[in-house]
1. Do any residues in the stretch 146-159 that are under 13 Å from Gln43 (Cβ atoms) have Cβ atoms under 6 Å from those of residues that are of a type in the set (S, T, N, Q), where the two are at least six apart or on different chains, and which pairs are they?
2. Looking at the stretch 1-31, which of its residues are touching a Gly at 6+ places or on another chain (Cβ under 8 Å) and farther than 29 Å from Ala153 by Cβ?
3. What tally of residues in the stretch 1-22 results from selecting those that are loosely packed, with under 11 Cβ neighbours inside 10 Å and either on the phi > 0 side of the Ramachandran plot or modelled with pLDDT under 90 (or both)?
4. Only one of these is touching a helix residue (DSSP H, G or I) at 6+ places or on another chain (Cβ under 8 Å), assigned to a loop (DSSP other than H, G, I, E, B) and either on the phi > 0 side of the Ramachandran plot or β-branched (Val, Ile, Thr) (or both): Val29, Val46. Name it.
5. Can you tell me which residue among Ile91, Ile71 is among the β-branched types (Val, Ile, Thr) and touching a Lys or Arg at 6+ places or on another chain (Cβ under 7 Å)?
6. Quick one: in the stretch 107-152, of everything that is at pLDDT below 90 and among the β-branched types (Val, Ile, Thr), which residue is surrounded by the fewest Cβ atoms within 10 Å (Cβ to Cβ)?
7. Anything in the stretch 28-62 that is of a type in the set (D, E, K, R), without any contact (Cβ under 8 Å) to a residue 60 or more places away in the chain and over 20 Å from Thr12 (Cα atoms)? List them, or say none.
8. Considering only residues that are part of a loop (DSSP other than H, G, I, E, B), over 19 Å from Ile152 (Cβ atoms) and among the polar types (S, T, N, Q), which ones fall in the stretch 65-103?
Amino acid sequence: MMDTPFELPKMTPCVFCELIAGRFDKGLVEETELTLTIVNIRQYEVGQVFVIPRRHAPTILDLTDDELHAIMRAVRRVSVAMVKTYSPDGITLYNNNGVASMQEVPHFHMHVVPRRKSSLWGDGPLHLAALERRSADILDKVQIDIKREREIAEEIRAQL
């Protein structure tokens, strides 16, 4: 583990730390001693979630070995549940570290995304495809409300 050498996005307070502290409502799929799995409010693909560490760690370089292992166990667990829930054609995993990689929240988070061959977004990380399209209203199209977040969380949680 080392302190990150990367420029980080500016966000005070950290939205994920606020979620963990219970200050915001969230679509909680699962929580463990070291992690939370939550529904992404931007649903580029239905069922997209984040797995985050409870402790504030800006990048992968800041995680302990125990946190890394716990995150990957949660990723595998939610991936299995996604397959049962959505029958996707594949699952995309990705993580951004530092502003240069397009990290938006300065708290490590692994994206877990059920994918379909017929996806509007094509192959690869969804946020890159969205940027390539440069649609002015792209966020409006993928943003969901807390009610839908909870519905998606329940769909996935039922398969854990």
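The values are calculated or read from the model by the stated rules, or taken from the named source; none is laboratory data. Predicted model only: the values in this text are computed from it and were never measured. Backbone-built Cβ (ideal geometry, glycine too); neighbour counts: all protein chains shown.
1. Sorted first by the residue in the stretch 146-159, then by its partner, the pairs are Glu155/Thr85; Ile156/Thr85.
2. Within the stretch 1-31, Thr4, Phe6, Glu7 meet the criteria.
3. Here the count works out to 4.
4. It is Val46.
5. Ile91
6. Ile146
7. Across the stretch 28-62, the qualifying residues are Glu31, Glu33.
8. Answer for the stretch 65-103, where residues must be part of a loop (DSSP other than H, G, I, E, B), over 19 Å from Ile152 (Cβ atoms) and among the polar types (S, T, N, Q): Asn95, Asn96, Asn97, Gln103.
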